[in-house]
Amino acid sequence: MGYGMSRPDMDIDMHDTARGGDAALLRRGHGGAFDVDNEIFYLTRLRSEPSAGVRQAIDGRRTAPISTVRMLSGREANVSGRGRFSSADCSYLLGQYLPVNGPWPIDRMDSRVYVSQFSEDGSLFVAAFQGSRIRIYNVDKGWKVEKDIRARSLRWTITDTSLSPDRRYLVYASMTPIVHIVNMGTAATESHANITEIHEGLDFSMHEDVESIFGIFSIKFSSDGRELVAGSSDHSIYVYDLEANKLKSRFPAHLFDVNTVAFADETGNVIYSGSDDNLCKVWDRRCFVTERQAAGVLTGHLEGITFIDSRGDGRYFISNGKDQTIKLWDIRKMSSGTNCPKTRTSGWDYRYSQYPPQNKHLKHPNDLSVAAYRGHSVLRTLIRCYFSPSNSTGQKYIYTGSHDTCVYIYDVVSGDHVARLQCHQLTVRDCSWHPYYPLLVSSSWDGQITRWEFPGNDAVHATNNKIRGGSIEDQMFRVMYL
């Protein structure tokens with residue numbers, strides 16, 4: 001496409017103020033698939049649809065879809081009274097242009113891709129391969145490789161990476177207690193560990209309670225870039241203080257491997273974790289001084305959790321499970337966790353066999369989830385799932401990789417399959433949706449990194465800099481933010 005991929009300049013309200021009529025409309029429009037009384041479905045539509053007043057002024061009908069042309073005309077006529085689109089209006093428009101056309105290859109290597117993620121502003125893309133390689137692509141410069149990193153001291157694979165909020169540093173983890181940090185600000189493209197550049201090792205085992213060697217499955221920067229949180233194979237959560245350059249805390253969190261951790265919001269006070277003990281837990285760091293117990297436990301998965309993604313509001317998150325479901329959680333429904341029945345399927349291992357068909361529609365006796373999304377396949381590896389971007393879709397979708405070589409996109413409110421993207425030959429472990437534009441990248445164990453777009457015209461994308469004024473799509477997306 002002909003637009004720059006980094007964050008556009010915007011000056012728009014977060015969303016329209018809810019009105020009683022809007023709430024009633026949203027509840028009537030819900031298909032009844034989930035718990036309609038939970039506010040997440042109302043909030044999702046509030047952030048991804050025009051207000052009732054704007055609908056009435058533009059179209060006169062409260063439920064009919066509004067075309068892009070009508071929305072633009074309404075903005076020019078100032079029907080909202082503010083002379084510009086609200087963020088909900090932008091999400092409504094861009095949310096209609098799903099990145100489902102393609103695929104077009106970005107890169108391919110003779111190694112499985114384990115991690116692939118856009119930076120927070122969408123200007124960079126990080127891909128980590130099993131064969132000790134990490135590549136950083138400059139999205140704004142035609143996916144040029146900006147940094148080609150050769151990792152050190154790996155065991156099995158690079159399990160996770162995380163880019164600092166200011167994009168100055170990247171950390172990578174493996175099945176060892178050492179996390180390495182790379183300076184992204186150096187001029188060299190090649191970054192060969194301790195040969196062309198120093199990859200400093202951060203030792204997460206330097207704690208009095210650590211008794212054996214462990215691996216790290218998940219690692220995340222805090223929103224201020226000062227801390228790292230990690231989930232490990234010794235059933236624990238670790239917090240590393242980067243400013244002090246030392247391990248800040250370790251606490252036993254689960255009965256089995258901690259496969260995934262995530263910060264609940266920008267404050268960094270609350271952490272979510274998911275484990276092979278089938279449980280999602282909520283940890284409030286403000287209580288750690290007096291007690292090392294979880295603030296709450298969320299039961300509902302019948303098998304282990306592979307990944308957690310926070311909605312960023314401190315209340316909601318989603319988890320991918322080996323029971324072949326994504327579950328949506330409201331932490332206000334969490335329990336104390338004192339009585340969590342064991343429901344794991346005896347003798348079944350997701351790495352080696354298909355999920356037993358008779359178990360696909362079983363329900364946990366104490367299921368606290370708000371909704372479940374089914375259709376994808378979670379086998380062989382820790383497959384990841386995410387909310388779609390807030391800025392361009394209002395987080396109205398959930399998307400996930402899948403063992404059946406596809407990417408699945410679900411509607412948060414209805415649970416419907418919105419799209420199924422297929423092009424890979426092996427498991428799609430990770431995928432990433434650009435934070436501001438309809439562009440999605442999938443990565444697979446076949447070694448291929450592939451992009452999906454709207455409208456997905458590769459010729460336009462490759463030559464847009466040569467076209468005066470840019471492509472039609474370029475102009476359309478730019479005008480939404482004027």
Query raised in the report: So between ASP284 and ARG332, what do we pick up on full extension, going 0.36 nm a residue minus the alpha carbon distance?
Result: 16.0 nm
Query raised in the report: So for segment 228-333, what are the equivalent ellipsoid semi-axes in whole Å, largest first, each being the square root of 5 times an eigenvalue of the Cα gyration tensor?
Result: 22, 15, 12
Requested in this report: Please report Rg over Rh for segment 356-461, where both radii come from the alpha carbon positions and Rh follows the Kirkwood definition.
Outcome: 1.00
**Report entry** Hull-based mean projected area of segment 88-141, where the convex hull spans the alpha carbons, in square nanometres
**Finding:** 5.0
Query raised in the report: Mind checking Rg over Rh on segment 257-296, alpha carbons, Kirkwood formula for Rh?
Result: 0.97
Query raised in the report: Under a no-solvent Debye model with one identical scatterer per Cα of segment 273-432, what's log10 I(q)/I(0) at q = 0.10, 0.21 Å⁻¹?
Result: -0.36, -1.43
Report task. Using only the alpha carbons of segment 162-304, determine the length spanned along each of the three principal axes and report them from longest to shortest in whole angstroms. Result -> 48, 31, 30
Report task. Counting residues in segment 366-428 as N, plug N into 2.2 N^0.38 Å and put the Cα Rg over that result. Result -> 1.16
Query raised in the report: Given +1 on the Cβ of Lys and Arg, -1 on the Cβ of Asp and Glu, and no further charges, what dipole in debye does segment 43-120 carry about its Cα centre, rounded to the nearest 20?
Result: 360
Query raised in the report: Using the eigenvalues of the Cα gyration tensor, what equivalent ellipsoid semi-axes result for segment 74-119 when each is taken as the square root of five times the eigenvalue, whole Å, largest first?
Result: 39, 12, 8
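Give me the dipole magnitude in Debye, nearest 20, for segment 245-308 about the Cα centre, with unit charges on the beta carbon: positive for Lys and Arg, negative for Asp and Glu.
So the magnitude is around 400 debye.
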Report task. Take the Cα atoms of segment 157-227, find their three principal axes, and give me the spread along each one in whole Å, biggest first. Result -> 40, 30, 20
Query raised in the report: Quick one: what Rg and Dmax do you get for segment 48-190 from the alpha carbons, in Å?
Result: 21.7, 63
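Under the rule a/c < 1.5 gives rounded, and otherwise a/b versus b/c splits prolate from oblate, where does segment 198-269 land using the Cα gyration tensor?
Working: a/c = 1.74, a/b = 1.17, b/c = 1.48.
It is oblate, given that a/c is not under 1.5 and a/b is not larger than b/c.
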Query raised in the report: For segment 347-414 and segment 219-282, what is the separation of their C-alpha centers, rounded to whole Å?
Result: 22
Query raised in the report: To the nearest 20 debye, what is the magnitude of the charge dipole of segment 81-145 about its Cα centre, counting +1 on the Cβ of each Lys and Arg and -1 on the Cβ of each Asp and Glu?
Result: 100
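Taken together, the values in this text are just the output of simple stated rules run on the coordinates, not laboratory data. Remember, it's a predicted structure, so these values are computed and weren't measured experimentally. Don't worry about glycine lacking a Cβ; one is built from the backbone with ideal geometry, like all the others, and counts go over all protein chains shown.
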